[in-house]
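Chemist: Let me begin by handing over the structure; questions about it come next.
The values are calculated or read from the model by the stated rules, or taken from the named source; none is laboratory data. Predicted, not measured: the structure shown is a model, and the values here were computed from it. Here Cβ is always computed from backbone atoms with ideal geometry, including for glycine, and neighbour counts include all displayed protein chains. Quick note on the areas: whole protein, heavy atoms, side chains included, nothing else; ligands and nucleic acids left out. Shrake-Rupley method; radii C 1.70, N 1.55, O 1.52, S 1.80 Å.
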Amino acid sequence: NAHVWLSVPLAIRQVQNISAGLQLADPANASIYARNEADYIARLMALDTEMRTGLQDLKHQDIITFHEAFPYLAAEYGLNVVAVIQREPGSEPSAAEVAETIDLIKARQLPALFAEPQYPVRVAETIAAETGVQIYTLDPIVSGQADAGTYEQKMRENLAVLQQALKG
């Protein structure tokens, strides 16, 4: 699973690795890269604190996601991915897999399931119709606008969605 950036501490490690590589490749500008790294890591550390604080007292920690994008986020912030609707991107779940997900939602009394903005929600809508859960959208930050503040904005949006869906 390549979605390591959905854990802010792992995103920080990526920033450190990228900065180190840029400093080696362009030593004349190493101090600029180091300064930008330090500034961005400070912002990411604040974001990590927001995520931890915002997700610590939720009524529900078990989540069902659309595909395998969120195990790093879940592991980092105390959530449990208990099922994945689409195990392989682009492949529809079988009727048996949909039935298993429906049974799991009912057995655990889960309040929500999480779709993604880049995938159709037809299967999620079927599951929601059978269980009464709400569908929320979590963004794995793999498409859309990519400017300087996109990552932090999308992670804060994901935080707000998780808080709304899992508060109980």
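Chemist: Any idea which residue in region 85-121 is farthest from Pro140 (Cα to Cα), counting only those that are at pLDDT below 90 and charged (D, E, K, R)?
Modeler: Only one residue tops the list, namely Glu92.
Chemist: Which ones in region 38-59 are open to solvent by 40 Å² or more (accessible area, probe 1.4 Å) and either of a type in the set (Val, Ile, Thr) or in contact (Cβ under 8 Å) with a residue 12 or more places away in the chain (or both)?
Modeler: Tyr40, Arg43, Met45, Thr49, Glu50, Arg52, Thr53, Gln56, Lys59
Chemist: Something else: Give just the number: which of (1) within 26 Å of Lys154 (Cβ to Cβ); (2) more than 21 Å from the chain's Cα centre (by Cα); (3) among the polar types (S, T, N, Q) does Thr131 not satisfy?
Modeler: (1)
Chemist: Further question on the same structure: Give region 112-155 a look and list any residue that's touching a residue at least 60 places away in the same chain (Cβ under 8 Å) and either touching a Pro at 6+ places or on another chain (Cβ under 9 Å) or assigned to a loop (DSSP other than H, G, I, E, B) (or both), or say none.
Modeler: Within region 112-155, Leu138, Pro140, Ile141, Val142 qualify.
Chemist: Could you run through region 142-152 and say how many residues are surrounded by 13 or more Cβ atoms within 10 Å (Cβ to Cβ) and under 17 Å from Met45 (Cβ atoms)?
Modeler: 2
Chemist: Quickly run through region 156-168 and pick out the residues that are assigned to a loop (DSSP other than H, G, I, E, B) and closer than 20 Å to Leu44 by Cβ.
Modeler: Kept after step one, since they are assigned to a loop (DSSP other than H, G, I, E, B), are these residues of region 156-168: 167-168.
Within region 156-168, no residue meets the criteria.
Chemist: Related question: Within region 72-97, can you find the residues that are closer than 25 Å to Ile12 by Cα and open to solvent by less than 50 Å² (accessible area, probe 1.4 Å)?
Modeler: Residues satisfying the conditions are Leu73, Ala74, Tyr77, Gly78, Leu79.
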